[in-house]
Every structure is written in C-alpha cells, then in structure tokens.
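Q: Before I ask anything, let me first share the structure, which is written out below as structure tokens.
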Amino acid sequence: QDNKLITVQLNAGLGADTHFPFFEAVDGVGLYRTELLFLVKQSFPSEEEQVENYRKVLAFSQGKPVVMRTLDIGGDKSLPYFPIEEENPFLGWRGIRFTLDHPDIFLIQIRAMLKASLYQPSELKILLPMISGMTELDGALLLIEQAFGEVLKSHPSLVKPKVGVMLEVPSMIYMLPVMASRIDFVSVGTNDLTQYILAVDRNNAQVSNLYEVVHPSILLAMKHI
C-alpha cells in the first residue's frame, strides 16, 4: 500500500535443494543453515562434500541470491563428534568464536562455498554468526580473504562474494557505524537478539513468558539498527 517492495526469502537447511516450488515462490535464500550438514555427519564433512552440498542449493536457487551462514554450532546445537560442555552454552564457545579458534575448519568451509559458486550463476553471500566485536570481524574477514586468494589461483574467474554479519549480540548494535565500512550487509538474528537483550533463555519453560519478541526494547533496538 505504501509502494515499498518487500522481498520474501527462505530460511533453509538440509533438503532446501529438493523443495523446488519454494524457489519459485520466494526471492532467494535469506539464510542457509550450513551447520545442519555438520550435524548429520559422523565427522566433519570434507571440502568436497561441502562443495557438492552448497552447489546443489545454489543450483536450485535459479540465479536468486543465497546467503550462506558459516558454521554456527554451540548453544543448543552441538556436534555429536565434537561435544562442547559448558555451564552457559549460549554465552560460550559458539558461532564465529568456535571457527576462529579452528581456522582450518573455517577455511575449508569458505573455500567450499567459493568453489560451489563457480558452478552456478547464483549470487552467493556469506554470513558470519555471533560476531560480538571488531576483532572477531576482522579475523574472519582476513581468513575469507585468504580462502579467496587460494581458490582464485586455480579459478581466475572467481567473483568475491558479499560478506555480512548476523546481528544478534547487542554490543554490535552500537558498533554498526564502525562496522559498516567493512561489511556489505547485516542480517538481524531476532531470536538471539531478543534473548540477550531481555536476559531470557528462550528454551527455559520457567521464564518463557518473559520472552517477548515485540517487547518495546526490541522494537527500539530494531529502529536503532
């Protein structure tokens, strides 16, 4: 009614490449959860396995943009072959914190994404989860640049994908002016952002009534973003 175009994009995981009708109806994939591939394996998937998985998703997107989030484990998502025991996992070793401590895993995944993009015309975008400060962002961007350089050597036609951050840690709301020149887009993770702003574990039945996605503070945070 106000003549503003709103795109509708898919929040996808394993099996996204089999639901062809979805791609006909939406404007792209706003979030592809790469961790689901890792969760169903008995060990870390190889670079070749990841290339094949990402290539299928890009192929079925029919040229529409696909945002692939890098490995986001920890919190309520743990790998059976790499268990993480913590007293408070939602404030612990998760998302980009884990992958920066294991750059080999991160580099393999980024290279796989880049190689997959060579086979399909879709627009690949890379999304970094659980960024809470500029040191993490700069560290991740450095590794992405390294992976890009490695793949570029054998594939000169490689196009550098856009890179964004998942804004889910409240600290990053205030860092946006500093961060803006280093990234291409922001994706707001409202589930965790709500949880962290309200200090409410959304999986805890005793306090779930306090988890309110339209709490005034959440709406103000969105407006500020």
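The values are calculated or read from the model by the stated rules, or taken from the named source; none is laboratory data. Predicted, not measured: the structure shown is a model, and the values here were computed from it. Don't worry about glycine lacking a Cβ; one is built from the backbone with ideal geometry, like all the others, and counts go over all protein chains shown. With ligands, DNA and RNA removed, areas are computed over all heavy atoms of the protein, side chains included. Shrake-Rupley method; radii C 1.70, N 1.55, O 1.52, S 1.80 Å.
Q: Determine, for each peptide in 140-148, 84-92, 25-33, the mean count of other beta carbons within 10 angstrom over its residues, then list the peptides with the highest first.
A: The packing order, highest mean first, is 25-33, 140-148, 84-92.
Q: For the range 96-119 and the range 1-72, write down the distance between their C-alpha centroids in whole Å.
A: The two parts, judged by their Cα centres, are 16 Å apart.
Q: Mind checking which lysines have their C-alpha under 21 Å from LYS162, skipping anything on the same chain fewer than 8 residues away?
A: In chain and number order, the partners are LYS56, LYS64, LYS115, LYS125, LYS153.
Q: Another question, then. Take the solvent-accessible surface of the protein heavy atoms, probe 1.4 Å, and return the percent of it on the chain that carbon and sulfur atoms account for.
A: 56 percent
Q: So what is the accessible area of the chain per residue, in Å², with the probe set to 1.4 Å?
A: Dividing the accessible area of the chain by its residue count gives 51 Å².
Q: Please label the shape of the range 1-90 as rounded, prolate or oblate, based on the square roots a ≥ b ≥ c of the eigenvalues of the alpha-carbon gyration tensor (a/c under 1.5 means rounded; beyond that, a/b larger than b/c means prolate, else oblate).
A: oblate
Q: Quick one: which residues, 5+ away or cross-chain, put their amide H under 5 Å from the amide H of LYS162? H built at 1.01 Å from N.
A: Here ILE126 satisfy the definition.
Q: Follow-up question, since we're still on this one. List the aspartates and glutamates whose alpha-carbon lies under 14 Å from that of LYS77, not counting same-chain residues fewer than 8 positions away?
A: Within reach: GLU35, GLU85, GLU86, ASP192.
Q: Quick one: angle between helix 103-118 and the longest Cα principal axis of the chain, in degrees between 0 and 90, rounded to 10, please.
A: Helix 103-118 sits roughly 60 degrees off the main axis of the chain.
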